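For reference, the structure is listed below as structure tokens.
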Amino acid sequence: MQLASLFVLLGSAMAVDLDISSHSSIQAATALIADGLMDYYWGYKYGGTIGMFTSPYYWWEAGGAWGSMIDYWYFLQNNTYEETIKEALLYQTGENWDYIPLNQSTTEGNDDQAFWGIAAIQAAERNFTNPASDQPQWLYLAQAVFNTMAWRWDTEHCAGGLRWQIFQWNSGYDYKNTVSNAGLFHIGARLARFTSNDTYVDWAEKIYDWLLGVDFITEGDTYNFAYDGASINDNCSSVVKYQWSYNAGMMLSGCAYLYNYTEDDIWRQRTLKFLNGLVVYTPNSGQDGVYVLQETACMGSGSCNNDQRSFRAYLIRFMGLTAMMVPETQDTINKYIQQSAQAAAQSCSGGTDGHTCGLNWTHSGWDGYYGLGEQMCALEAIQNVLIYDRPAPYTSSNGGSSTGDGAAGSESTQLTDQPLKLDRGDTAGAAIITVLIGVSIIALACWLLV
Ligand SMILES: *[C@@H]1O[C@H](CO)[C@@H](O)[C@H](O)[C@H]1NC(C)=O
Ligand SMILES: *[C@@H]1O[C@H](CO)[C@@H](O)[C@H](O)[C@H]1NC(C)=O
Ligand SMILES: *[C@@H]1O[C@H](CO)[C@@H](O)[C@H](O)[C@H]1NC(C)=O
Ligand SMILES: *[C@@H]1O[C@H](CO)[C@@H](O)[C@H](O)[C@H]1NC(C)=O
Ligand SMILES: *[C@@H]1O[C@H](CO)[C@@H](O)[C@H](O)[C@H]1NC(C)=O
Ligand SMILES: *[C@@H]1O[C@H](CO)[C@@H](O)[C@H](O)[C@H]1NC(C)=O
Ligand SMILES: *[C@@H]1O[C@H](CO)[C@@H](O)[C@H](O)[C@H]1NC(C)=O
């Protein structure tokens, strides 16, 4: 009996206790959760690669996780992981400094590239430690991602838009999805504000209009929503209606940045309507005053995969940015973030360490789920309580020191530019490339065995 009560005591001491009005409480809570997140980092482990998290987490999610860790560095003013983050962001840039590393050509889509581009623009906006002068700079990387993605804009199908995939050999090449296009829109909106270059606004408008035209996003009197995407085989006419929280977040914050930069009221209206649409991600559409965020499309059915279990992390990060860009959204966003922070913290009471975070934040205590996504979501919920304690995202004219180049990315190789231009006769070329990649993987495996 004494042993049992000891466990109860230990358990409660190890769980994450959070008082959102106390900075030191937030500090203690986020430190535990950030360390739990970094437990999944494989960079220094045997067989691991710098910048990558443990299997089964894909490359894209690492880009997402480094974005969360940049904000941990920024909001908590804690440089414990500064060098690790910097090294990871630089190691994965790929040969042409555009976040298309050859290693990832069997998995990388436009959306994946976008998540690393978002980490790069975020590093620029947070004035995160600049790389040495012979290395690519954060702004440059974000511009290279934007440019290489924009060059893939495809007017041949569905009158515009990016495909999901970059490479023809990956499945999903015939699908156009919201996240790839919303990613380009979002990065463009942030680049516009950071650099004061209106070309990015023109692009953002074009992408927004296209998303609206194909019904990947809808505008209503009060609510704007974002759906998943559609196949090019029927000209994008059958929209897959899943509503993922990160798409809503990318559109919401993209509109907010555009309003902040252009002060054009249309972007303010759109921001407010996407904000209203976020009730989709609460248990009862907010009707009972509960604004704890959930990944509605998969959580109810218990079918969230590893990717989906991280989506709320981006939504919350993007809500925090929105609150800075369009101050009139703050009352509503505070309600979401504060309730989610409190609810997420109480879910972080699982695992052998006693502070592993769960998935369902309205469940009392830990719900048995765990993973990189769960840690990221809880970390973002809690650290975003601190948005008002730190300066708003910088621009190049008020403190952001990162440098770039409007033409970044033009060094891209044949390999990365080629696939879109392939017609049927050229698939042999793609097959050869696939074989070459296969051969190098086998060669590497043999080398490792020897
Ligand atoms: C800084 O972060 C590390 C790693 O999360 C944590 O162990 C440490 O307690 C933090 N320091 C402060 C002052 O919050
Ligand atoms: C590519 O993969 C190999 C094998 O896993 C690894 O050793 C190397 O560091 C990777 N390179 C990059 C840039 O990720
Ligand atoms: C294909 O979809 C686009 C965008 O909705 C539309 O403008 C175009 O007219 C459609 N083309 C055909 C052949 O239906
Ligand atoms: C843009 O963002 C800044 C920083 O948060 C804020 O002070 C300013 O009021 C915003 N501008 C507009 C037009 O909302
Ligand atoms: C989360 O847990 C609560 C309490 O157990 C349950 O009522 C709710 O349906 C769960 N939410 C989802 C989306 O599964
Ligand atoms: C941004 O970083 C640069 C280089 O480290 C530094 O000189 C500058 O003061 C920083 N800006 C702000 C607002 O802290
Ligand atoms: C503005 O951005 C566009 C698109 O990336 C680029 O082509 C152009 O060079 C940039 N202009 C300046 C002045 O940097």
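Read-outs: derived from the displayed coordinates by stated rules, not from any lab. Only a predicted model underlies this, so the values are computations on that prediction, with no experimental measurement involved. Please note: Cβ atoms are built from the backbone with ideal geometry, for glycine as well, and neighbour counts cover all protein chains shown.
Qualifying GluC sites (Glu not before Pro) in the range 37-83, where qualification requires a DSSP coil assignment and no more than 16 other C-beta atoms within 10 Å, are lacking entirely.
What does the charge count around ASP154 come to, taking other residues whose C-beta lies under 9 Å from its C-beta (Lys +1, Arg +1, Asp -1, Glu -1)? Can you show the working numbers first?
Details: positive: ARG152, ARG163, LYS176; negative: GLU156.
My count for the surroundings of ASP154 gives +2.
Fewest neighbouring Cβ atoms within 10 Å first, the residues ILE382, ILE333, ILE20 line up as ILE20, ILE333, ILE382. Between the range 289-360 and the range 230-258, the C-alpha centres lie 20 angstrom from each other.
Where in the range 215-305 are there GluC sites (Glu not before Pro) that are in a DSSP coil and have at most 16 other Cβ atoms within 10 angstrom of their Cβ?
Numbers: sites: GLU219, GLU263, GLU295; in loops: GLU263, GLU295.
For GluC sites (Glu not before Pro) across the range 215-305 that sit outside H, G, I, E and B with at most 16 neighbouring Cβ atoms in 10 Å, the list reads GLU263.
In percent, rounded to a whole number, the relative contact order of the chain is 19, using alpha-carbon pairs under 8 Å and six or more apart. Can you tell me what percent of all Cα-Cα pairs in the chain are more than 32 Å apart? Everything past 32 Å amounts to 36 percent. Applying 0.36 nm per residue to the separation of SER303 and GLU82 and subtracting their alpha-carbon distance, the gain on full extension is 76.1 nm. Net length available on complete extension from SER238 to GLN287 is 14.5 nm, with 0.36 nm assigned per residue and the Cα-Cα distance removed.
Each of THR282, THR155 has some number of other Cβ atoms within 10 Å of its Cβ, and from fewest to most they run THR155, THR282.
Counting only pairs 8 or more places apart or on different chains, how many lysine pairs in the chain have C-alpha atoms closer than 19 Å? Intermediate values should be presented prior to the final figure.
Values: LYS45/LYS86; LYS176/LYS206; LYS176/LYS241; LYS176/LYS421; LYS241/LYS273; LYS273/LYS335.
So the count of such lysine pairs works out to 6.
Hull volume per residue, based on the alpha-carbon atoms of the range 181-337 and their convex hull, is 115 Å³.
Each residue of the range 241-248 was assigned a 3J(HN,Hα) from its phi angle through the Karplus expression (A = 6.51, B = -1.76, C = 1.60, θ = phi - 60°), giving 8, 4, 10, 8, 5, 5, 5, 4 Hz with x at Gly and Pro. The order of HIS355, HIS186, going from fewest to most other C-beta atoms within 10 Å of their C-beta, is HIS355, HIS186.
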